[in-house]
Amino acid sequence: MQRIVNAVKFPLLRTFVALMAAFSLMPAAFAQSNNGGQYTMQEIVDAGHGFFGSTSGGLAKVVENAFSKYGLPNGYILGQEGSGAFVAGLTYGEGDLYTKNAGQHNVFWQGPSLGLDWGGQGSRTMMLVYNLPAVPSLYKRFGGVSGSAYVVAGVGMTVLTDENIVLVPIRTGLGARLGINVGYLKLTQQPTWNPF
């Protein structure tokens, strides 16, 4: 009888230990798969600090504000842009889109603006991309108001939308562009001078 108990006891014990080990690993695996290709706040802040360098003192606060309003982005763009305005303005930029699911892609943007606005600036730009279903969905116009910016320590944030996709450009740079304007950015795969 003791032999039968021992013969059953050890395989049951091994099975129990194996199941406990498997269940203890499940929360970590679930947490990783739960992001679904989205970036955490720490990943965005780290990418921003590497890109903006020493001028990124207010970056964490601006990113925290974006995350509190829009959640986890599923892509981001790092690039540079130049803009100028005297009532009417133009913006041109280029950079790289980073996604966890679709890799890295070149992106260019240009756009007009109209409003009580004057000056010029050159900026390093990070754009958080929300609700991007596929990379080709990025190549279109995104409208918004530039001047209703959230600014902390020289780092500014605006919001541009089209349908469900939200772009949150975060900028820091040289120059001054003062005022408020309405406009859009047109994102393309190839550079173009035509902002329309």
Exercise for review: Beta carbons within 10 angstrom, averaged per residue: use that to sort the peptides 133-144, 84-95, highest first.
Suggested key: 84-95, 133-144
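Within a Cβ distance under 11 Å of Leu187, other residues only, what is the Lys/Arg minus Asp/Glu net charge?
Charge balance near Leu187 sits at +1.
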Study note, to complete from the structure: Summed over the other residues with a beta carbon less than 14 angstrom from that of Tyr76, with K and R at +1 and D and E at -1, the charge totals 0
Review point. Under a plain spin-label model, where a point goes 7 Å from the Cα along Cα-to-Cβ, how far apart in nm are Asn194 and Lys61?
Key: 4.3
**Study point:** Local electrostatic count, Phe108, Cβ distance below 12 Å [Lys/Arg +1, Asp/Glu -1]
**Key:** -2
Check your understanding: For Lys100, which aspartates and glutamates qualify as cross-link partners when the Cα separation must be under 17 Å and same-chain residues fewer than eight apart are set aside?
Key -> Glu43, Asp46
Practice item. Can you bin region 41-188 into rounded, prolate or oblate? Criterion: square roots of the alpha carbon gyration tensor eigenvalues sorted a ≥ b ≥ c, rounded for a/c under 1.5, prolate for a/b above b/c, oblate for the rest. Key: oblate
Check your understanding: Each label point is 7 Å from the Cα along the Cα-to-Cβ direction; what then is the distance between the points at Asn131 and Lys69, in nm?
Key -> 1.4
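Bear in mind that the values in this text are calculations on the coordinates, not laboratory data. Model, not experiment: these values are computed from the prediction. Please note: Cβ atoms are built from the backbone with ideal geometry, for glycine as well, and neighbour counts cover all protein chains shown.
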